[in-house]
Amino acid sequence: MKQLIRLSLLILMLIFGITASYSQVAGDYRSAGSGNWDALATWERFSGSGWVTPTTEGWPGQFTGTGAVNLQVGHTVTISNTGITTLPMGTLTVNGILYLSGDNSVNGINFNFDTQTVIITPNLVTKAKIWFKNKANLILPPNATIYVGNDLTDKGLDGNCSNQQTIYFGPEQFYACQGGGDECGTFDDLLTNGGNPSLVLTSGAGTNNPTVCDNSPITNICYLVGGGATSVTTTGLPAGLNGIYNSGIYTISGTPTIPGNHNYTISTVSPCVNATAKGTITVDAEPNIS
């Protein structure tokens, strides 16, 4: 299934913004060189005052407390055909090569990364990529987002390409390298759109949950819509509020007229998995003065 060929410039700004914002926070990891994911010597961990080789903290995702993980330029980090399942961790940024070594069994090998965001940085001199060998299944949480460049000559996803290499969100397969039985298409479709469909709040933290008096306008709530989504649908907005989609931006605005707690849900519309975002608009009744 082919997705529409579009990628907003704002998505690229988002990708580079996330990448540039990678900061040193206690619990963050970065690759120290090439090696196996589950080898401590492959990694450095920020202790709060400097980068050190992890010991009891384990490799990224082995134990609780893993922050952002940065696979650095020029490094190849390999996960063998035993697979992996991590505990929750921060954003995984791939600036080198993440090598997923699968096998030729019927079900293949699962590589479960419990992260909400995967970024494969585009347009590096040495190409960043996730490399799939044999049957390898990259499995991310249901509401995760993967960002890749949209230049098909700069493959952020590659391998011995067939329908054996797959990307799952939760229990559902959405991409395969050559397609076949998946819901969203090929790796090239994912690359063309710069990632899977996504909704990113751009109007500021907390603006999706405003509290206002009835008959008073809200501050606009804005979402960046990316990854091949062509529009959005919204349920639960109170009377007086409207949502408008225009050129990759969805804006909720207006003046609510009915007091109460109004829970709303936004969903992308695309020929693929749909991203969702939720919020609550609390409308307080204006007091009567007598």
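The values are calculated or read from the model by the stated rules, or taken from the named source; none is laboratory data. Remember, it's a predicted structure, so these values are computed and weren't measured experimentally. Neighbour counts run over all protein chains shown; Cβ positions are idealised from the backbone, glycine included. Remember, those area values only see protein heavy atoms, side chains included, never the ligands or the DNA or RNA. Shrake-Rupley method; radii C 1.70, N 1.55, O 1.52, S 1.80 Å.
Select from region 244-261 the residues that are free of Cβ contacts under 8 Å to residues at least 60 places away in the same chain, within 27 Å of the chain's Cα centre (by Cα) and either under 17 Å from residue 282 (Cα atoms) or loosely packed, with under 15 Cβ neighbours inside 10 Å (or both) and list them in ascending order. Selection gives 244, 246, 252, 253. Scanning region 84-113 for residues that are of a type outside the set (S, T, N, Q), over 18 Å from residue 43 (Cα atoms) and either modelled with pLDDT of 95 or more or open to solvent by less than 20 Å² (accessible area, probe 1.4 Å) (or both) turns up 102, 108, 109, 111. Checked against (1) at pLDDT 95 or above; (2) within 20 Å of the chain's Cα centre (by Cα), residue 4 passes all but a single condition, namely (1). Residues in region 160-178 that are under 12 Å from residue 135 (Cα atoms) and either at pLDDT 85 or above or open to solvent by less than 10 Å² (accessible area, probe 1.4 Å) (or both): 9 in all. Of all residues in region 73-82, those satisfying the criterion of being open to solvent by 20 Å² or more (accessible area, probe 1.4 Å) and either over 21 Å from residue 154 (Cα atoms) or in contact with a helix residue (DSSP H, G or I) (Cβ under 6 Å, 6 or more places away or on another chain) (or both) are 80, 81, 82. Of the numbered criteria (1) open to solvent by 30 Å² or more (accessible area, probe 1.4 Å); (2) in a loop (DSSP other than H, G, I, E, B); (3) farther than 22 Å from residue 62 by Cα; (4) touching a residue at least 12 places away in the same chain (Cβ under 8 Å), the one residue 154 fails is (1). Just so you know, in region 193-223 the residues that are of a type in the set (Val, Ile, Thr) and open to solvent by 50 Å² or more (accessible area, probe 1.4 Å) include one that is farthest from residue 256 (Cα to Cα), and it is 202.
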